[in-house]
Every structure is written in C-alpha cells, then in structure tokens.
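Right, one structure below, let's go through it.
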Amino acid sequence: MVTGPAAEASRAVQSLVSLDDVVDAVWQAAGLQTDPDTPLMEAGVDSLGAVELRNQLQRMGGDAVSLPSTVIFEHPTARSLSTLFACAAAPAHQAAVQQGSQLQQVSLTGTGSLSPGGVRSSQAFQKMLSDGVDAIVPFPFERETPDVSVLEACCGVVDSAHLFDNAAFAISRAEAAHMDPHQRLVLERGYEAFHSSGDNRASLLGSNTGVAVGIWSSELFHAATKPNSYGAGNLLSICAGRVSYVLGLHGPSYAVEASCAASLVAFDLGAKSLAHGEVERELIAGVNVFWTSVSVNAVVKVGMGSPSYRSFTFDKRADGYARAEGCIAVALTAGSAPDGAQRVDASSTQCDGKSASLTAPNGKAQASLLRNVMDAAGLKPSQVQHIEAHGTGTAVGDPIEAGGIVTAMLKDTSDRDFPVAVGGVKPNTGHGEGLAAMCGLMKLSLALQGGAAHPNVHLRVLNPHVAQRTEGLSCGLGLPVQLTELSGDLIGGVSSFGYSGAIAHAILHASAGVTTKPSPEVSLFKRRPWSWQIANHDLHAATRVGLGTSGSRAALRATPLIQTSSFTIAADTRLADVGLDSRGEVELRGWLAERVGEAELPLRLILEDETPRTISAILAQVQIPQIRQIRQIPHLPHLPHLPHLPHLPH
C-alpha cells in the first residue's frame with residue numbers, strides 16, 4: 001500500500017479529475033460537447049484546441065502528472081485521457097502480463113450470438129438445438145431487389161443483419177452507411193461477449209486484449225465499385241481492427257481466412273496467445289454475411305451445396321450443404337476459471353497435406369490432429385465424451401471424418417465403457433463457412449453446460465459408409481446422449497475443416513457436477529436499420545437495369561447475362577467482347593425463353609441488343625404472363641474465361 005505524500009497527491013488527482021471533468025475541459029478548450037469514446041480530432045478538436053486542452057488538463061492535474069504536448073494523439077478520447085489521472089492515482093506497482101514457460105489456464109467466460117432461426121442468445125441457441133429446429137428458410141430477396149426472383153434459394157439467414165447501433169460505437173451515420181455488415185455484427189457481438197464476461201468499456205480501454213476474427217470473404221468488397229466503398233469500409237482485416245480501435249485494445253488484432261476452418265484457427269491462435277501470457281484476455285469471433293441469391297446458388301452449381309438446400313449430416317441423403325450466415329463471439333480469459341466457466345484444455349491447427357486433391361479431406365490427417373490435441377491436453381481418448389464434428393453433410397466428407405474419429409478415439413480403446421456422442425450443427429443452422437466453427441463450439445459448450453448432447457437433425461438413415469466405419473463401436477449418433485450419467489468431468493472436442501486443407505480441433509472441459517444455464521438475451525444496443533449497400537453498386541444495378549413490372553409478375557432480372565463462374569460482366573459491356581460464342585448465344589436464348597413462357601422473344605435479341613442493359617430493356621417490354629419458380633440452378637451460358645477481360649477487384 002502506498003502511503004505518505006505520494007499517496008496524498010494521487011488521491012488529490014483522483015478526486016479532482018474525473019471523466020466528467022475531462023469532458024468539461026474539452027468543452028472549455030474547444031467548445032465541443034462530445035461522447036467520451038469519440039476521438040477528439042474526429043469530433044472537431046483542431047491543433048490549437050488540442051494545445052489548449054492539454055494545458056487545461058495539466059492545470060487540473062497539477063504536479064502529480066506531466067502531460068506531453070502530443071497527449072491528444074496518444075490518448076485520443078476523453079475516456080482515454082481520464083485514465084491518465086486514474087493511473088496516477090493508482091499504486092505504483094501494477095501486475096504486468098507474465099510471459100514465460102508456464103502456460104496459463106484458459107477459460108471461456110462470455111459469448112455473443114446472432115444465428116439463423118432468430119437466435120440472439122445462448123439460451124435461444126440451446127432451445128433451437130434441443131427442439132431440433134431446422135432454421136433454413138427462403139432467401140430474403142429484399143436484400144437485392146423488390147422483384148420476385150426466378151431463382152429459388154434457401155439458406156440460414158439472420159433476420160436482423162441490417163440492424164446496427166452506430167451511436168454506441170461513436171461511428172458516424174455516413175461511415176456506418178458504407179461499412180460492411182460483417183464489421184457491424186462483429187462490433188455488437190464482440191462487445192456482448194465482453195459484457196457477459198464481466199467487462200465494460202472502462203475495463204477494456206487500454207488493456208492488452210487480443211481480437212481474432214474468422215471470416216471467409218466479403219461479397220460487398222467484390223461488388224463495390226464506388227470509391228467510398230473501398231478501404232476501411234469492407235476490408236476483412238478491419239473486422240478485427242475496428243473492434244480494437246473502438247474499444248481501445250492494444251493486443252494483437254487480426255482476421256483469419258482459412259476457408260471453413262477460419263474461426264477455429266482464430267480460436268486456436270487466440271487461445272495460445274492467452275495461454276502463453278501474451279495478452280490479458282482474448283476475443284474470438286466468426287462471421288459470415290451474404291447479399292445475393294447468386295452467391296447462395298453458386299455453391300450448388302459447383303457441386304458443394306445441396307440441391308435441396310439442406311445439410312443431411314451423416315445421413316444417407318447427404319449431398320452437400322446449405323449456406324448460413326451470422327456472427328458468434330466468445331471471450332477467453334486466463335487464470336483460474338470462474339464458477340461455471342469451461343476450460344480450454346488444448347487446441348491445434350494442422351493441414352491435410354497431400355490428400356486426394358487440393359480440396360479433398362484427409363482422414364489420416366484428421367485422426368492425427370485429434371490425437372495430437374488429446375495428447376497436448378493430457379487426455380486419453382476414453383475420457384472424451386462428445387465430439388462436435390465438422391459434418392458438412394457430403395457423401396464423401398462425412399465417411400472420411402467418421403473414419404478419422406474412429407481411428408483417433410474408438411480403436412484400441414478397451415477402457416471406454418460409454419459411447420462417444422458425435423453430432424453436427426449444420427443441419428440446424430446451415431454451414432456458416434468462416435463462421436461455422438463458432439457455431440460448433442457454441443453447440444459443444446451448451447452440451448457440456450446442460451450435460452446432454454443434442455439430437456442430429458435430419459438423421460434418418462445412417463450413411464452406409466459411416467455405418468460401416470462405426471459398426472460395433474461405441475459411437476452415439478442420432479439420439480440425444482445423456483452425459484450427466486457419466487462420472488467425472490465432462491469433456492468434448494470440436495472440429496473444423498477447411499477445403500483449403502486447414503484443419504483445426506479444440507477441447508473444452510467442464511468440471512464434474514457443474515451444470516449451468518445458458519444466458520438469456522440482454523439488450524445492450526438501440527439498433528436502427530441500414531440499407532443493403534449492394535443495391536447501390538454496379539454489380540447489383542446490372543442485374544436490375546431496365547426492369548420494371550410487366551405482366552402479372554415482376555420482370556426478369558439479367559443475372560445470367562452478367563454472372564458466370566469465372567468473371568462478372570458490367571451492364572454496358574458487349575457480350576461479344578467477353579467471349580460469347582454461338583454455343584453461349586443458344587444457351588442464353590434458351591435460358592431466357594424458358595422464363596418468359598409463351599411470350600415471344602425478338603428473333604435477333606442477343607445479336608442486335610448486345611449488352612445486358614439493352615437486352616434487359618427489351619425484356620422489360622415483353623408481356624410475361626407468369627414467371628415460374630424453379631429449384632434447379634440454370635445452366636449459364638458458355639462464356640470462356642479470357643485473360644484480357646476486365647475483372648472486379650479481388
């Protein structure tokens with residue numbers, strides 16, 4: 001305890017200079033009333049005002065603090081400035097983050113969730129899983145056009161992805177309007193995770209807190225053509241950097257793109273950084289948002305997605321996955337686990353290496369990964385009760401993953417006297433791609449909290465190849481498996497595999513006899529709607545130009561004219577210039593004819609009206625009695641990829 005004159009000076013500073021005093025000083029020096037977390041330079045404090053503010057604060061602090069002339073640049077907000085005086089009032093000895101060979105225990109202490117099915121809390125997520133809800137719904141076409149689309153697509157969507165409380169993060173409306181919704185979701189869910197972990201803005205400001213975000217890609221970035229839509233508005237790395245900037249965090253801040261394994265790779269990196277004492281706490285988030293049915297249907301067209309838009313994980317019907325979006329964030333802390341918190345025993349990231357093809361899974365590598373993580377955790381395979389599988393629901397991937405689990409956990413384990421529950425979340429929510437692992441992690445955590453694995457939705461007849469791999473072994477698939485009947489601690493692992501070859505696994509550990517209730521939704525924000533910005537970009541305009549309403553239904557969109565698997569055609573680009581040959585012309589005309597039904601197309605429509613804009617204008621005049629909804633992806637025109645063609649930036 002600090003005593004004597006130094007202590008008296010510290011108490012004097014603390015009593016004289018509070019956050020309200022600093023805000024008042026800003027008003028006196030610069031004539032501005034500002035939010036405590038708004039950067040003062042952004043709020044209008046110029047260089048003269050900065051000097052006057054520094055002098056005013058120096059007079060208020062007296063001899064107990066010495067403020068440099070650059071203090072406004074080093075402490076850019078009123079709240080940050082107030083911490084200067086709080087530090088001066090604190091004891092001289094402060095515990096620093098200890099780095100060394102002794103690994104610290106890592107615990108999962110907070111969550112924030114926005115998932116398909118109207119899920120906005122871990123409590124709602126638990127109910128969705130327990131009730132066996134399939135959250136796949138038709139694509140919300142209001143995101144891209146008010147017209148009725150001729151393509152029917154289904155996916156796991158969040159109904160509030162367009163809502164955001166910009167004021168809570170001191171972001172102007174002008175800037176928020178051009179922010180990628182990925183960033184909006186990560187900001188809100190990330191702060192929710194911190195809040196549920198017991199932190200607030202004051203405790204986070206200036207802390208050595210890391211941020212790692214798993215993300216696949218930004219469709220808005222690929223669609224953007226307006227100058228103010230580039231840069232910080234939609235770069236992937238800014239998803240993490242903006243959280244650190246807004247909350248004043250000084251730990252490592254980065255985005256991870258490892259295809260479908262992105263968020264678990266981020267989790268592994270963040271957990272290890274925390275375990276080695278490099279940071280005080282860590283925020284891990286996974287996020288995915290999409291804008292158009294074109295992207296939803298693209299995964300079906302290339303054979304990854306299910307034509308029925310469902311994930312039949314481990315089922316005989318497995319034929320691909322349905323896409324999903326959302327955002328889930330978790331807060332990790334080091335040291336002794338708080339009551340009810342789950343430990344992160346170990347995690348690891350590896351690569352498939354030389355598998356059958358670049359994107360093919362490798363069962364031996366997966367089995368090796370699981371073994372390595374269990375060894376790092378000091379666990380025997382027989383101690384693990386639950387595996388949350390990657391489980392995309394593909395005819396090949398599911399049996400390979402099942403084989404890896406069997407090899408790592410069920411063979412040569414004579415001491416296992418209970419079945420290992422194997423589940424997958426994708427039949428409930430869809431495949432969140434860069435987000436996917438966080439959905440699996442949340443599902444595993446809730447199973448350990450409640451002491452029971454959840455049922456596998458859509459599992460009716462076991463994939464015969466999966467059945468062959470698991471025959472005669474203690475593998476629980478299909479029905480809920482009670483874990484509370486088992487003695488000892490509850491331990492489970494979660495896997496996530498990317499088609500780039502990245503594979504990751506993590507193990508969570510709940511203490512024996514400790515079951516907790518999931519957290520209900522907590523309202524922290526006053527959110528307002530923001531438009532889907534893709535409607536203002538040329539990529540989307542090209543799909544709508546010239547299309548009014550004709551006949552009894554909305555007119556056709558020109559999607560097949562501008563979107564192929566290899567490149568995008570602008571609205572005023574001549575089709576001949578991008579390689580439309582005679583075969584492509586026949587296919588395109590057939591595609592259009594199928595959709596106008598009995599209406600007649602002009603004979604030389606494609607040859608004479610040679611751009612998407614002019615063709616769309618002609619189509620707008622065609623009287624279409626009815627546009628039929630179809631489930632199958634159309635065979636788009638044969639437009640060969642030419643190296644000299646202009647591309648949108650990647």
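For the listed peptides 363-373, 346-356, 255-265, a ranking on the average number of other beta carbons within 10 Å per residue, highest first, reads 255-265, 363-373, 346-356.
If the chain linking Arg201 and Asp46 were pulled fully straight, counting 0.36 nm for each residue of separation and taking away their Cα-Cα distance, it would gain 53.2 nm.
Near Cys154, the amide H atoms lying under 5 Å from its own belong to Phe139; only residues 5 or more places off or on other chains count, and H is placed 1.01 Å from N.
Rounded to the nearest whole angstrom, the semi-axes of the ellipsoid equivalent to the range 280-399, taken from the Cα gyration tensor as √(5λ), stand at 31, 21, 14, largest first. Structural descriptor for the range 291-369: relative contact order 15 percent, calculated from alpha carbon pairs under 8 angstrom and at least 6 residues apart.
Simple rule: put +1 on each Lys or Arg Cβ and -1 on each Asp or Glu Cβ in the range 332-400, find the dipole, and look at Leu358, Leu332, Gly378; the Cα lying farthest toward the positive end is Leu358.
Quickly rank 70-83, 445-458 as a protection proxy: mean count of other C-beta atoms within 10 Å, highest first.
Put in order of decreasing packing, that is 445-458, 70-83.
P(r) tail, the range 328-453: Cα-Cα pairs separated by more than 19 Å, 55% of all pairs.
Subtracting the Cα-Cα distance of Asn372 and Gln58 from their residue separation scaled by 0.36 nm leaves 107.4 nm. For Gln105 and Gln468, the difference between the fully extended length at 0.36 nm per residue and the C-alpha to C-alpha distance is 126.8 nm.
Distances between placed amide hydrogens fall under 5 Å for Trp291 paired with no residue 5 or more residues away or on another chain.
Note on surface exposure: Ser196, Ser311 rank Ser196, Ser311 by accessible area, highest first, 1.4 Å probe.
Listed by chain and number, the lysines placed with their C-alpha closer than 19 angstrom to that of Lys380 are Lys364, Lys411; residues fewer than eight positions away on the same chain are left out.
The simple Förster model, with R0 at 41 Å and r as the Cβ-Cβ distance, assigns Ser172 and Ala617 a FRET efficiency of 0.60.
When each of the peptides 524-530, 490-496, 313-319 is scored by how many other beta carbons lie within 10 Å of its residues on average, the order from highest to lowest is 490-496, 313-319, 524-530. With R₀ fixed at 45 Å, the C-beta to C-beta distance from Asp339 to Ala593 puts the FRET efficiency at about 0.10. In this rough spin-label picture, where each label sits 7 Å from Cα along the Cβ direction, the Ala356-Ser130 distance is 4.0 nm. Given R0 = 51 Å, the distance between the Cβ atoms of Leu19 and Ser500 translates into a calculated FRET efficiency of 0.65.
Net charge in the neighbourhood of Ser511 (other residues with Cβ under 13 Å of its Cβ; Lys, Arg +1, Asp, Glu -1) is -2. Annotation: amide H of Cys351 within the under-5 Å range of Ile503, sequence separation 5 or more or interchain, hydrogens built in the peptide plane. Take the Cα of Glu74, go 7 Å toward its beta carbon, and the backbone nitrogen atoms of the range 33-59 under 19 Å from that spot belong to 39-41, 47-59.
The values are calculated or read from the model by the stated rules, or taken from the named source; none is laboratory data. What you see is a predicted model; the values in this text were computed from it and never measured. We place every Cβ from the backbone using ideal geometry, glycine too, and count neighbours over all the protein chains shown. All accessible areas refer to the heavy atoms of the entire protein, side chains included, with ligands and DNA or RNA removed. Shrake-Rupley method; radii C 1.70, N 1.55, O 1.52, S 1.80 Å.
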